[in-house]
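A.B. asks: Please find one structure pasted underneath; my questions will follow.
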Amino acid sequence: MKELVGYCTKCEQEVFCLNGFLEGEVTNEKEIICYKCLEEKDKKTPRPNDQGE
Ligand SMILES: [Zn+2]
């Protein structure tokens, strides 16, 4: 199942939801950000505390 969620607010690429997995992230402001842009963001602002489980 593939559902179009919307468009990335940064690169305007289509962001889909695949079998319940969103190919990106939706912010509190309802902005959609694709994985590619999320990776770019992570490079600039690494958050080592988020890696742990
Ligand atoms: Zn993007």
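A.B. asks: Pairs of lysine in the range 2-46 with Cα under 21 Å and at least 8 positions apart or on different chains: total?
C.D. replies: Final tally of qualifying lysine pairs is 9.
A.B. asks: Stretched out fully, how many nm does the piece from Lys10 to Leu38 gain, at 0.36 nm a residue minus the Cα gap? Don't skip to the answer; put the middle values down first.
C.D. replies: Numbers: separation 28, 0.36 × 28 = 10.08 nm, distance 0.98 nm.
Contour length minus the Cα-Cα distance gives 9.1 nm.
A.B. asks: Moving on. Stokes-Einstein at 37 °C, 0.692 mPa s, Kirkwood radius from Cα pairs: D for the range 2-46 in µm² s⁻¹?
C.D. replies: Numbers: Rh = 10.6 Å.
Translational diffusion coefficient: 311 µm²/s.
Read the figures in this text as sums done on the coordinates, not as results from a lab. Remember, it's a predicted structure, so these values are computed and weren't measured experimentally.
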